[in-house]
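The values are calculated or read from the model by the stated rules, or taken from the named source; none is laboratory data. Everything numeric here is computed off the predicted structure, so don't read it as measured data. Cβ placement follows ideal geometry from the backbone for every residue including glycine, while neighbour counts extend to all protein chains displayed. Surface areas here come from the heavy atoms of the whole protein model, side chains and all, with no ligands, DNA or RNA. Shrake-Rupley method; radii C 1.70, N 1.55, O 1.52, S 1.80 Å.
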Amino acid sequence: MTKAAVFGTGSWGTAFGMVLADAGCEVTLWGRRAELVDAVNTTRTNPDYLPGVELPANLRATTDPAEAARDAEFTVLAVPSQTLRGNLAAWAPELAPGTVLVSLMKGVELGTAKRMSEVIEEVAKVSADRVAVLTGPNLAKEIAARQPAASVVACVDESVARRLQAACMTPYFRPYTNTDVVGCELGGAVKNVIGLAVGIADGMGLGDNSKATLITRGLAETTRLGLAMGADPLTFSGLAGLGDLVATCSSPLSRNHTFGTNLGRGMTLQETIAATKQTAEGVKSCESVLDLARRHGVDMPITETVVSIVHEGKPPIVALKELMSRSAKPERR
């Protein structure tokens, strides 16, 4: 039986742990809070993040990182992206030799503008062929309800991607392989920013034309950045690009969409943060995505607009007028 460790007991970490267990893996979740770990082991549920969902018998939890990591063929990292560096530095000495490190995180690190796979390689001191990314339209509550979904598992070594694909394929979860790690990670990170923009539009009471425009032009921004960084443009028309973007921008289950909706309705940043129980990755990553774009000389006006609203306090109606009054240009530029 394949052993897998999942570091993080939030909704997505727990849901993907369930997927691995349903696929036949022996799964150990690591969690920081003893009371939540005890609940997983005694009630077979995660009452804080996935209440009412019964977890498989071959999934258990621990507060001991060494116990979780022991003999794991796959070590899944499911923590907020801005906490990855510090957490992984503490866990790295405990990692099983040869384990494949799998990122579920969709963000870009503040300050360094590094993708999550780059942070993993640097902190854990592993080569790129030992780092994989899982991304796509994967709203945790729907996965936990075992509703049909697809995803992408990406690694520069296709054989590693195929191994991970086999380890997490179930009747309701269908992973596809890809070797374009850069494109897959950018699709996951930037869609959170566009999700905020669409949420803001919803909160302002704008209609479907406005939201479709943001989604389409947001995908164009993502693709421009991806091309500048050497990604395959076809990745952005797939599950890691368009698929994830549509799910995030259209679902009330999306944290980023919900966060943006509250801002669009007139709540302040602090009020919105207080009303949000889980991390909306786009709130911090919008700044690092814009930093990344500027380093590569890529124009990303929607991302700039989101940063101006979220972090500079610009009223959404003012930001919208500025976005719509930009100079005319061809669509494919």
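Does LEU253 meet the test of being more than 17 Å from THR179 (Cα to Cα) and among the hydrophobic types (A, V, I, L, M, F, W, C)?
The answer is yes for LEU253.
Name every residue in segment 1-27 that is open to solvent by 10 Å² or more (accessible area, probe 1.4 Å) and β-branched (Val, Ile, Thr), in order of residue number.
THR2, THR9
Residue-wise test of (1) of a type in the set (Asp, Glu); (2) within 13 Å of the chain's Cα centre (by Cα).
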| site | (1), (2) |
| --- | --- |
| GLY98 | no, no |
| LYS106 | no, yes |
| LEU110 | no, no |
| MET116 | no, yes |
| LYS125 | no, no |
| VAL131 | no, no |
| ILE143 | no, no |
| VAL152 | no, yes |
| ASP157 | yes, no |
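Is there a residue in segment 214-236 that is open to solvent by less than 10 Å² (accessible area, probe 1.4 Å), in contact (Cβ under 8 Å) with a residue 60 or more places away in the chain and of a type in the set (A, V, I, L, M, F, W, C)?
Scanning segment 214-236 turns up at least one residue that is open to solvent by less than 10 Å² (accessible area, probe 1.4 Å), in contact (Cβ under 8 Å) with a residue 60 or more places away in the chain and of a type in the set (A, V, I, L, M, F, W, C).
Among helices (runs of 4 or more DSSP H) lying entirely in segment 1-81, which contain 1 or more residues that are farther than 22 Å from LEU139 by Cβ and without any contact (Cβ under 8 Å) to a residue 24 or more places away in the chain?
Hits in segment 1-81: 34-43.
Mind checking which residues of segment 41-63 are out of contact with any helix residue (DSSP H, G or I) (no Cβ under 8 Å at 6 or more places or on another chain) and surrounded by 13 or more Cβ atoms within 10 Å (Cβ to Cβ)?
Within segment 41-63, ASN41, ARG44 qualify.
Can you find, within segment 173-194, the residue that is most open to solvent (accessible area, probe 1.4 Å) among those that are touching a residue at least 40 places away in the same chain (Cβ under 8 Å) and over 17 Å from MET116 (Cβ atoms)?
TYR176
Among (1) open to solvent by less than 20 Å² (accessible area, probe 1.4 Å); (2) of a type outside the set (Phe, Trp, Tyr); (3) part of a helix (DSSP H, G or I), which single condition is PRO93 missing?
All conditions are met except number (1).
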